[in-house]
Ligand code: TTP
Ligand code: MN
Ligand code: MN
Ligand code: MN
């Protein structure tokens with residue numbers, strides 16, 4: 001006799017910026033596996049492979065129900081041969097053998113520990129591993145020269161690897177607001193990054209600072225940094241093209257204080273919408289927006305501007321909604337950019 005099977009086929013757009021991805025993930029068993037392989041690829045400087053696994057994971061995050069059979073995945077974009085093999089393994093065996101062996105490998109464990117030090121990237125970690133350094137204890141006794149960031153990162157390793165809570169983010173937001181109010185009245189602070197997307201924890205707290213009068217923001221960063229320093233909040237700070245600092249937050253803590261990573265970015269008001277969009281993330285959502293702009297619209301999107309290569313001109317915007325409209329995309333609110 002015949003069984004009549006009804007299989008719901010998903011229909012999902014291929015660019016993550018065309019999809020709504022909330023934090024409500026129905027396939028975390030699959031996305032955890034794919035994300036770990038993405039992370040491992042990135043830690044090994046295999047960027048192409050990393051992006052492929054990130055795209056596959058993001059696709060699975062966007063599905064409205066739990067996947068239980070491979071047949072449900074027919075016709076879906078973003079799923080390469082390797083990702084499909086991993087998914088199949090998880091569906092059939094509960095775990096992916098590749099993920100399990102990666103997790104247990106000496107190299108992966110060492111890369112995780114060493115890149116967990118602020119200021120240590122995959123290349124440095126790889127060099128240390130080749131010199132026989134696999135953990136913090138071995139690093140401390142190795143006689144390796146550490147730069148200022150790495151010394152700070154090693155010293156506050158546990159604090160900086162403990163997730164930041166929303167309550168801590170809010171407390172730090174108040175400090176940053178107070179800092180900008182003290183150095184330039186009328187300045188505005190916006191929370192960006194994962195917390196703007198509704199995440200309950202983060203690896204840092206991201207803020208964007210601007211002033212409604214164009215040009216007033218010039219020179220603001222060093223003043224804000226000096227104020228935080230004078231109040232005893234700064235432990236380590238480095239200002240680069242993308243300003244970065246680490247703060248000592250005395251308001252929310254178990255000890256008297258704990259180290260928290262804070263990203264501060266100052267933007268002129270004319271670029272503010274682009275900066276908000278560029279710093280809200282997720283990283284994959286941003287990558288996909290830029291890919292969409294370039295490949296589908298012949299435009300170049302950055303966290304400063306949108307350039308139309310066809311009309312050969314910059315497109316001005318004062319809101320994220322306007323930028324999505326220029327790109328011919330349906331507006332996706334921050335809480336649905338968790339790709
Ligand atoms: P992160 O703080 O790295 O990520 P997150 O806030 O999404 O996650 P977490 O909770 O772990 O902190 O980056 C925030 C966003 O900023 C992300 O979309 C990437 C983006 N960004 C940079 O990281 N560097 C840049 O130079 C620019 C322009 C954007
Ligand atoms: Mn749901
Ligand atoms: Mn962040
Ligand atoms: Mn950040």
Original post:
strands (runs of 3 or more DSSP E) wholly in the range 248-339 with at least 3 residues that are in the same structural domain as residue 233 (by TED's automatic domain parsing) - which ones?
Top reply: 258-266
**OP:** Please state which one of 289, 306, 301 is over 16 Å from residue 197 (Cβ atoms), touching a strand residue (DSSP E or B) at 6+ places or on another chain (Cβ under 7 Å), at pLDDT 95 or above and crowded, with 21+ Cβ neighbours inside 10 Å.
**Re:** 306
Original post:
When the range 14-26 is examined, which residues are found to be touching a residue at least 40 places away in the same chain (Cβ under 8 Å), assigned to a loop (DSSP other than H, G, I, E, B) and either surrounded by fewer than 21 Cβ atoms within 10 Å (Cβ to Cβ) or within 16 Å of ligand 3 (Cβ to nearest atom) (or both)?
Top reply: 14, 15, 20, 22, 23, 26
Original post:
Looking at (1) modelled with pLDDT of 95 or more; (2) within 25 Å of residue 176 (Cβ to Cβ); (3) touching a strand residue (DSSP E or B) at 6+ places or on another chain (Cβ under 9 Å), which is the only condition residue 243 fails?
Top reply: (1)
Original post:
Which of (1) at pLDDT below 95; (2) within 16 Å of ligand 2 (Cβ to nearest atom) is the odd one out, the single condition residue 198 does not satisfy?
Top reply: (1)
Original post:
Only one residue in 187, 142, 182, 152 is at pLDDT below 95 and either over 30 Å from residue 25 (Cβ atoms) or away from ligand 3 (no atom under 16 Å from the Cβ) (or both), so which one is that?
Top reply: 152
Original post:
If you scan the range 190-231, which residues turn out to be in contact (Cβ under 8 Å) with a residue 60 or more places away in the chain, in contact with a strand residue (DSSP E or B) (Cβ under 7 Å, 6 or more places away or on another chain) and more than 10 Å from ligand 3 (Cβ to nearest atom)?
Top reply: 190, 208, 210
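The values are calculated or read from the model by the stated rules, or taken from the named source; none is laboratory data. Remember, predicted model here, so these are calculated numbers, not experimental data. Backbone-built Cβ (ideal geometry, glycine too); neighbour counts: all protein chains shown.
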